[in-house]
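These notes concern the structure reproduced below.
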Amino acid sequence: MRNVTAFLEQSVRSIPDFPKPGILFRDITTLIKSKMAFRYAVDALAREFKHKKIDKIVGIESRGFVFGAALAYKLGVGVVLVRKKGKLPAATVSASYELEYGSDTLEMHKDALRPKERVLIIDDLLATGGTVSAVIDLVKQLRGNIVGIGFVIELFDLHGRDKLKGYPVSSLIKFPGH
């Protein structure tokens, strides 16, 4: 797995001072455009969660949609989309979370999950954990059972994993956040 991990790490472009000075942005679009890197990432996530008896994958806007859909196809399960407020057309549940400078709100359709469905949450990147914490709240509102949370990248020194205690969390590659 080390060679695959190294390959995936090298597939991520690092952009200094984006979106502002002092931030080292981890650009996953370079991994997605590589057919081999994308396949390796999806296969690794599938291996990690294939024994969890998943009913639905919840993908977080927007790059979580890419990995969530591919993983759902591979595992033969449905996909649920979590979007920013006002982007979904039917009745929704919502959860707000704090950003560095303010707050934001995420939504999921009220009929996206049935009570006790087994849910895997997928996103491209774990930083501070604020976004995924809001998604956990959405799943709980619909009485879903979270069986795992997966990320392609984890910025380990931002300690987002600390907000996810009590849930099985997996990330394929780890980078420092600064």
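The values are calculated or read from the model by the stated rules, or taken from the named source; none is laboratory data. Fair warning: this is a prediction, and the values are worked out from it, not measured in the lab. Neighbour counts are summed over all protein chains in view; Cβ atoms, including those assigned to glycine, are modelled from backbone coordinates with ideal geometry.
Quick notes on this structure:
- Some residue of the stretch 77-88 being out of contact with any strand residue (DSSP E or B) (no Cβ under 9 Å at 6 or more places or on another chain), over 18 Å from Leu155 (Cα atoms) and of a type outside the set (Lys, Arg): no
- If you check Gly148, Gly102 for being more than 17 Å from Glu61 (Cα to Cα) and modelled with pLDDT under 95, only one passes: Gly102.
- Selection of the stretch 143-155 for residues being more than 18 Å from Ala41 (Cβ to Cβ) and surrounded by fewer than 22 Cβ atoms within 10 Å (Cβ to Cβ) yields Arg143, Asn145, Ile146, Val147.
- Verdict on Ser94 being surrounded by fewer than 12 Cβ atoms within 10 Å (Cβ to Cβ) and in a strand (DSSP E or B): no
- Pairs, first within 19 Å of Lys50 (Cβ to Cβ) in the stretch 133-149, second of a type in the set (Ser, Thr, Tyr), C-beta under 9 Å, six or more apart: Ile146/Tyr167; Val147/Tyr167; Gly148/Tyr167; Gly148/Ser170; Ile149/Tyr167; Ile149/Ser170
- Unique residue being closer than 18 Å to Ser171 by Cβ and more than 13 Å from the chain's Cα centre (by Cα) when the list is Ile54, Ile136, Ile122, Ile149: Ile54
- Checked against the criteria, Leu126 counts as within 26 Å of Ala37 (Cβ to Cβ) and surrounded by 19 or more Cβ atoms within 10 Å (Cβ to Cβ).
- Exactly one residue out of Val119, Val132 is in contact with a strand residue (DSSP E or B) (Cβ under 7 Å, 6 or more places away or on another chain), part of a strand (DSSP E or B), surrounded by 17 or more Cβ atoms within 10 Å (Cβ to Cβ) and on the phi < 0 side of the Ramachandran plot: that is Val119.
- For the stretch 74-83, the count of residues that are under 12 Å from the mean Cα position of the chain (by Cα), outside any strand (DSSP E or B), without any contact (Cβ under 8 Å) to a residue 24 or more places away in the chain and under 30 Å from Leu8 (Cα atoms) is zero.
- Of the residues making up the stretch 141-178, those that are assigned to a loop (DSSP other than H, G, I, E, B) and in contact with a strand residue (DSSP E or B) (Cβ under 8 Å, 6 or more places away or on another chain) are Leu142, Gly144, Tyr167, Pro168, Pro176, Gly177, His178.
- Within the stretch 82-111, the set of residues being hydrophobic (A, V, I, L, M, F, W, C) and within 14 Å of Asp137 (Cα to Cα) comprises Val82, Val93, Ala95, Leu106, Met108.
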